[in-house]
Amino acid sequence: MAPQQAWALLQRRVRALTETEPCALHAATGRTLARPVRALAQVPPFANSAMDGYAIGPDVTAHDCLNVVGRALAGHPWGGTLKAGEAVRIMTGAPVPAGTHAVVMQEHVAVDGERILLEYHPEAGQNIRPAGDDVQAGQALLTPGEVIGAAQIGLLAAAGVATVTVYRRPRIALLSTGDELREPGQPLGAGQIYDTNRALLHSLLHTLPVEITDFGILPDDPAILAKTLTEAAAGHDLILSSGGVSVGDTDHTRQVLERLGDIGFWKLSIKPGKPLAFGQLDQAWFFGLPGNPVSALVTAYLFMLPALRQLAGQGWHQPPQYSARATAPFRKKPGRTDYQRARLNRSVNGHLLVSPCGPQGSHQLSVLATANAFAVLPGAAGSIPEGDLVTVLPFPQTLTGLAL
């Protein structure tokens, strides 16, 4: 199956969760909004000074020299009404007194004891932020499906919103399969390797609004696998497994999935990551990722994450694509779409440049750790020469610590 067909199938089949829950603002970062939010208060709630300086009274053109009659600070307003010929010392954010014509920056006045001399006559309202200038009370702020980040948290707090309604977190069952796998830190026996994929996938999921149940490492035993998947399906929205989806003698995942549920697709025409199983067990979606770690990450990033975000109520979003100029050849044989690990940079004039990162074996995590993008090489294409434009998928920071 072509990747475009797989994306279309996932977008069509995976539906957003409908259960919602209230969430305090301090705990809402990363959550998906389920109901519209309106402002409970206008922002700013009162007219305030945009500068440190002096609030000056009316009829300013007739009075160059003003008497300073008080002081207004943030949280400590001056309660009087300014008259012609008067001024109040005022700090940024402080409420402007009644009768204020404008606020003059302190750099534009000459101070003589309790009097100031204006350097110019300001326009009405200068350096004053009107009440409700940013947000009006009752104004729509956010809509369902939006992911709440720091900017949204700040906006909601400013508008007096303390609680929002969000979709509940998808429940994820995470497991690896393979007799050869051991936990990192344990001694390795003959023919054994460390379980890379579970740690990698847990890290990839960590920044998303999900609840993860770690089912650990399962042996290459179809009965144990079937029992575990049945248990996982009963209490989870998505099962994420790695290993056992190819055609080896001990690859049982696909056969067990066919027996217990249904398979939406199995093989994709991509490299790395050809053996990817997607299906459903009861009410739980299932992704069976390849055992090779780079293949597992590629398929999780390209297919599992968009489906998971749609499940979480965020809508369908595929990784953003850009074009970059190849600064070295990319080697490839015609056949499958190739997602090669690459290094993305910018030229001195700001143009995107991309180069291969080294060997592209699906087991070579060291190359992945030095990359910051995938170079997408079309299936029908052969090698890409230096100077050609290449489609690239920049890595998010949740995938690598390397910045563009």
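Return the residues of region 274-318 that are assigned to a loop (DSSP other than H, G, I, E, B) and farther than 26 Å from residue 180 by Cα; say none if nothing qualifies.
282, 283, 312, 313, 314, 315, 316, 317, 318 - these are the residues of region 274-318 that are assigned to a loop (DSSP other than H, G, I, E, B) and farther than 26 Å from residue 180 by Cα.
Being part of a loop (DSSP other than H, G, I, E, B) and either surrounded by fewer than 20 Cβ atoms within 10 Å (Cβ to Cβ) or assigned by TED's automatic domain parsing to the domain that holds residue 363 (or both) is the filter here, so list the residues in region 182-207 that pass it.
If the condition is that a residue be part of a loop (DSSP other than H, G, I, E, B) and either surrounded by fewer than 20 Cβ atoms within 10 Å (Cβ to Cβ) or assigned by TED's automatic domain parsing to the domain that holds residue 363 (or both), then 183, 184, 185, 186, 187, 188, 189, 190, 191, 192, 207 are the ones that fit.
State which residue pairs qualify: first residue in contact (Cβ under 8 Å) with a residue 40 or more places away in the chain and inside region 217-230, second residue among the acidic types (Asp, Glu) and surrounded by fewer than 19 Cβ atoms within 10 Å (Cβ to Cβ) in any location, beta carbons under 7 Å apart, and separation of 6 or more residues or different chains.
Taking only residues 6 or more apart or on different chains, the pairs are 219/179; 220/179.
Name every residue in region 261-279 that is of a type in the set (A, V, I, L, M, F, W, C) and more than 21 Å from residue 363 (Cβ to Cβ), in order of residue number. Step through it out loud before you land on a result.
Narrowing region 261-279 to residues of a type in the set (A, V, I, L, M, F, W, C): 263, 265-266, 268, 270, 276-278.
Matches in region 261-279: 263, 265, 266, 278.
In region 289-309, is there at least one residue being under 31 Å from the mean Cα position of the chain (by Cα), hydrophobic (A, V, I, L, M, F, W, C) and over 30 Å from residue 28 (Cα atoms)?
From region 289-309, those under 31 Å from the mean Cα position of the chain (by Cα) are 289-309; that's our starting set.
Then keep just the ones that are hydrophobic (A, V, I, L, M, F, W, C); that gives 289, 294, 296-298, 300, 302-305, 307-308.
Of the ones still in play, those that are also over 30 Å from residue 28 (Cα atoms) are 289, 294.
Looking for residues that are under 31 Å from the mean Cα position of the chain (by Cα), hydrophobic (A, V, I, L, M, F, W, C) and over 30 Å from residue 28 (Cα atoms), one finds at least one in region 289-309, hence yes.
So the check is Cβ under 8 Å with 6+ separation or different chains; which pairs have a first residue in region 371-399 that's farther than 13 Å from residue 271 by Cα and of a type in the set (Asp, Glu) and a second one that's at pLDDT 95 or above and surrounded by fewer than 22 Cβ atoms within 10 Å (Cβ to Cβ)?
386/326; 386/327; 386/328; 386/329; 388/325; 388/326
Got a number for residues in region 74-105 being closer than 18 Å to residue 126 by Cα and under 41 Å from the mean Cα position of the chain (by Cα)?
Of the residues in region 74-105, 9 are closer than 18 Å to residue 126 by Cα and under 41 Å from the mean Cα position of the chain (by Cα).
Only residues that are crowded, with 21+ Cβ neighbours inside 10 Å and of a type in the set (Gly, Ala, Ser): list them for region 255-283, please.
Those that are crowded, with 21+ Cβ neighbours inside 10 Å and of a type in the set (Gly, Ala, Ser): 273, 277, 279.
Is it fair to say residue 255 is over 29 Å from the mean Cα position of the chain (by Cα) and over 21 Å from residue 201 (Cβ atoms)? Lay out the reasoning, then the answer.
Working: over 29 Å from the mean Cα position of the chain (by Cα): yes; over 21 Å from residue 201 (Cβ atoms): yes.
Yes.
Criterion first (hydrophobic (A, V, I, L, M, F, W, C), buried (at least 20 other Cβ atoms within 10 Å of the Cβ) and either in contact with a Ser or Thr (Cβ under 8 Å, 6 or more places away or on another chain) or at pLDDT 95 or above (or both)) does residue 87 satisfy it? Please lay out each step first, then the result.
Values: hydrophobic (A, V, I, L, M, F, W, C): yes; buried (at least 20 other Cβ atoms within 10 Å of the Cβ): yes; either in contact with a Ser or Thr (Cβ under 8 Å, 6 or more places away or on another chain) or at pLDDT 95 or above (or both): yes.
Yes: the conditions hold for residue 87.
Does residue 37 satisfy the condition of being under 25 Å from the mean Cα position of the chain (by Cα), surrounded by 15 or more Cβ atoms within 10 Å (Cβ to Cβ) and among the aliphatic types (A, V, I, L, M)? Explain how you work it out, then say what you get.
Details: under 25 Å from the mean Cα position of the chain (by Cα): yes; surrounded by 15 or more Cβ atoms within 10 Å (Cβ to Cβ): yes; among the aliphatic types (A, V, I, L, M): yes.
Yes: the conditions hold for residue 37.
Looking at region 105-118, can you tell me whether even one residue there is among the β-branched types (Val, Ile, Thr) and buried (at least 18 other Cβ atoms within 10 Å of the Cβ)? Break it down stepwise before answering.
Our first condition is that a residue be among the β-branched types (Val, Ile, Thr); within region 105-118, this holds for 109, 111, 116.
Subset that is buried (at least 18 other Cβ atoms within 10 Å of the Cβ): 109, 116.
Yes; the residues of region 105-118 include at least one that is among the β-branched types (Val, Ile, Thr) and buried (at least 18 other Cβ atoms within 10 Å of the Cβ).
Can you find a residue that is surrounded by fewer than 20 Cβ atoms within 10 Å (Cβ to Cβ), in a loop (DSSP other than H, G, I, E, B), more than 29 Å from the chain's Cα centre (by Cα) and touching a residue at least 40 places away in the same chain (Cβ under 8 Å) anywhere in region 169-181?
Scanning region 169-181 turns up at least one residue that is surrounded by fewer than 20 Cβ atoms within 10 Å (Cβ to Cβ), in a loop (DSSP other than H, G, I, E, B), more than 29 Å from the chain's Cα centre (by Cα) and touching a residue at least 40 places away in the same chain (Cβ under 8 Å).
Is it true that residue 262 is within 30 Å of residue 342 (Cβ to Cβ), free of Cβ contacts under 8 Å to residues at least 24 places away in the same chain and among the acidic types (Asp, Glu)? Full working, then the answer.
Numbers: within 30 Å of residue 342 (Cβ to Cβ): no; free of Cβ contacts under 8 Å to residues at least 24 places away in the same chain: yes; among the acidic types (Asp, Glu): yes.
Considered against the rule, which asks whether it is within 30 Å of residue 342 (Cβ to Cβ), free of Cβ contacts under 8 Å to residues at least 24 places away in the same chain and among the acidic types (Asp, Glu), residue 262 comes out as no.
Which one is farthest from the chain's Cα centre (by Cα) among residues in region 53-66 that are crowded, with 16+ Cβ neighbours inside 10 Å and more than 14 Å from residue 126 (Cα to Cα)?
Residue satisfying both the conditions and the ranking: 63.
Would you confirm, using the coordinates I've provided, whether residue 355 is outside the structural domain of residue 291 (by TED's automatic domain parsing), surrounded by 14 or more Cβ atoms within 10 Å (Cβ to Cβ), of a type in the set (Ser, Thr, Tyr) and assigned to a loop (DSSP other than H, G, I, E, B)?
On the way: outside the structural domain of residue 291 (by TED's automatic domain parsing): yes; surrounded by 14 or more Cβ atoms within 10 Å (Cβ to Cβ): yes; of a type in the set (Ser, Thr, Tyr): yes; assigned to a loop (DSSP other than H, G, I, E, B): no.
So residue 355 fails the test.
Count, please, the residues in region 143-161 that happen to be in contact with a Pro (Cβ under 7 Å, 6 or more places away or on another chain) and surrounded by 16 or more Cβ atoms within 10 Å (Cβ to Cβ).
Total satisfying the criteria: 1.
If you go through region 118-130 one residue at a time, how many are over 18 Å from residue 96 (Cα atoms) and at pLDDT 95 or above?
Result for region 118-130: 0.
The values are calculated or read from the model by the stated rules, or taken from the named source; none is laboratory data. Quick caveat, the model's predicted, so the values are computed rather than measured. Because the Cβ atoms are built from the backbone with ideal geometry, glycine has one as well, and the counts that use them run over all protein chains shown.
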